[in-house]
1. Which ones in segment 346-355 are part of a loop (DSSP other than H, G, I, E, B) and in contact with a strand residue (DSSP E or B) (Cβ under 8 Å, 6 or more places away or on another chain)?
2. For segment 109-211, list the helices (runs of 4 or more DSSP H) that sit wholly inside it and hold at least 2 residues that are within 16 Å of ligand 2 (Cβ to nearest atom) and either touching a helix residue (DSSP H, G or I) at 6+ places or on another chain (Cβ under 9 Å) or more than 14 Å from residue 93 (Cα to Cα) (or both); which are they?
3. Out of the residues in segment 86-95 that are touching a helix residue (DSSP H, G or I) at 6+ places or on another chain (Cβ under 6 Å) and on the phi < 0 side of the Ramachandran plot, which is surrounded by the most Cβ atoms within 10 Å (Cβ to Cβ)?
4. Evaluate segment 56-66: report whether one residue or more is touching a helix residue (DSSP H, G or I) at 6+ places or on another chain (Cβ under 7 Å) and either within 24 Å of residue 183 (Cβ to Cβ) or free of Cβ contacts under 8 Å to residues at least 60 places away in the same chain (or both).
5. Tell me the residue from 98, 76 that is out of contact with any helix residue (DSSP H, G or I) (no Cβ under 9 Å at 6 or more places or on another chain), within 14 Å of ligand 1 (Cβ to nearest atom) and farther than 20 Å from residue 169 by Cα, please.
6. I'd like to know if segment 324-335 contains one or more residues that are surrounded by fewer than 14 Cβ atoms within 10 Å (Cβ to Cβ), in contact with a helix residue (DSSP H, G or I) (Cβ under 8 Å, 6 or more places away or on another chain) and in a loop (DSSP other than H, G, I, E, B).
7. Quick one: count up the residues across segment 268-319 that are out of contact with any strand residue (DSSP E or B) (no Cβ under 8 Å at 6 or more places or on another chain) and free of Cβ contacts under 8 Å to residues at least 60 places away in the same chain.
8. Before we move on, is residue 308 over 16 Å from residue 279 (Cα atoms), at pLDDT 95 or above and either out of contact with any helix residue (DSSP H, G or I) (no Cβ under 8 Å at 6 or more places or on another chain) or in a helix (DSSP H, G or I) (or both)?
Ligand SMILES: Cc1cc2nc3c(=O)[nH]c(=O)nc-3n(C[C@H](O)[C@H](O)[C@H](O)COP(=O)(O)OP(=O)(O)OC[C@H]3O[C@@H](n4cnc5c(N)ncnc54)[C@H](O)[C@@H]3O)c2cc1C
Ligand code: SF4
C-alpha cells in the first residue's frame, strides 16, 4: 500500500489520519507527547501566585506541558497545543460551523459537515445546569439586546460536571478532542510517532519524497508517497519555509481580551467555559474565566472564585507571519479600535451585574486561533492544493483558512481536512 505521512495530530491531522488510513498506510508524526489533563485544584494553585512562582506565561508548561506560549508584539501572547490532539485538547469545546468565507470562494462543504455531525456529538445540553452567575449574565446580555445564544459544544455535554476546566483538559472525558479520531485511525492500523518534530519536506524531481524530522538528538528521513502537513497555523508555515516554499504574510490569530470585575463568591470559574455567545460585527462576546491572566497578569490578583469575566474574541486583520526566524504579528489600529468597542460593551454588562468601574480590570491579550498563511482562493476551490507545492504535498489545517474567523474554527478545519482527504484518496 502507498505510504502517507501526516504531520500533526490536532484538528486537521487526526481527521486526515482517520480518513486516509486503509487507502494509504498512514504514519502520523507528532512533535509533542501524550496529553494529560491538569489535575490540581485551581484554588490551591492560585495561592502559589502570591509567592511569585508564576511570572512568565511560558511557565504554564510546568503545569500543562501541552500549552505552548509564544510572545508576539504589543504584549500579546500566542497559544497553541503541542501534543497528541494538538490544540483541541485545550479547547473549550465550542462547535460552530464557520465556512461563510469558504462558501464565498465557491467551496461547498455541506457533505463534510453532514459527516461531522454524525461523528462528533454536538449539543447545547449544558444549558440545563448553568450556575447562577451564568444565568444572570445571559439575562443581562438579553436585556442589552446582545442576542446571546447557548454555545453548541463538542462532546457529551449533557453529562458535563460544570467544573470549568475545559482548557486545562477535561478530566472527565466529556469534551471531544481529536484524539478520538486519532484512536479510530490507530484501530485501522495507522502508526503514531510522538516526540518527532518535522523540520522540512524532502523534494526530489518536483515531488515530495518524505519529510526530515528530529527525534531526540537524532534526525531521520521518513519516506512517503504522499505528505499532508497539519502542524497548525504556527507549525505548517515554518515547515514550508524550511522547505523553500514561502507562505503569505496573512497570519491571523483571533486575539482574545477579557474584561473582568470583582464579584465575591460568584464562582464563574466553576461553570462550563464559554456557555453562550453573542456575535457582533467583527467580534464575539462570551463569559470566560481566563486561566492565563489569572496566573500571570498582576491585575488578576483576586481569588479565582471572586472574578467575573467576559471575553472579546476578535476577527483580526490578516497581517503577520511566522517562520523559523520567529513570529511577526501585532495588533493593527483597526484591531485596537474594535477591541475598545468590545471593552465598552463588556463594561456595560459588568455594571449591570453590579460591578463599579473602579473594580474592573483587563486580561492579557491572548490569541489561540493561528492560521491563514496559505489561504484557499477561488483557484484552489476544487483542488484544495496550492500551485506552490509539489503535486503530492497537501496542507490540511488552519493554514488554509481564507480569513480570520473571530470564532471557533475546529469544525471548519475538520471539514477542510475531510475534503483534502477525499481528494488524496482519489489521486
Ligand atoms: C485555549 C484555547 C481554546 C480553544 N477553544 C476552541 C473551541 O472551543 N472551539 C474551537 O473550534 N476552537 C478552539 N480553539 C482553537 C482550536 O483548538 C485550533 O484552532 C485548532 O485545534 C487548530 O487545528 P489545527 O489542526 O490547525 O492545529 P492543532 O490542533 O494545533 O494541531 C497541530 C498539531 O501539530 C503538531 N505539530 C506542530 N509542529 C509540529 C512539527 N514541526 N512536527 C510535528 N508535529 C507538529 C502539534 O503538536 C499539534 O498536535 C482554542 C484554542 C485555544 C488555544
Ligand atoms: S466543564 Fe469540566 S466536565 Fe464539563 S467539559 Fe469542561 S472540563 Fe469537562
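The values are calculated or read from the model by the stated rules, or taken from the named source; none is laboratory data. Everything numeric in this text was worked out from a predicted model, so none of it was measured. A quick note on method: Cβ atoms are made from the backbone with ideal geometry, for glycine too, and the neighbour counts reach across all protein chains shown.
1. 353, 355, listed by residue number.
2. Because the criterion is at least 2 residues that are within 16 Å of ligand 2 (Cβ to nearest atom) and either touching a helix residue (DSSP H, G or I) at 6+ places or on another chain (Cβ under 9 Å) or more than 14 Å from residue 93 (Cα to Cα) (or both), the helices (runs of 4 or more DSSP H) in segment 109-211 that meet it are 132-143, 179-187.
3. In this case the residue turns out to be 90.
4. Checked segment 56-66: at least one residue is touching a helix residue (DSSP H, G or I) at 6+ places or on another chain (Cβ under 7 Å) and either within 24 Å of residue 183 (Cβ to Cβ) or free of Cβ contacts under 8 Å to residues at least 60 places away in the same chain (or both).
5. 76
6. yes
7. 2
8. no
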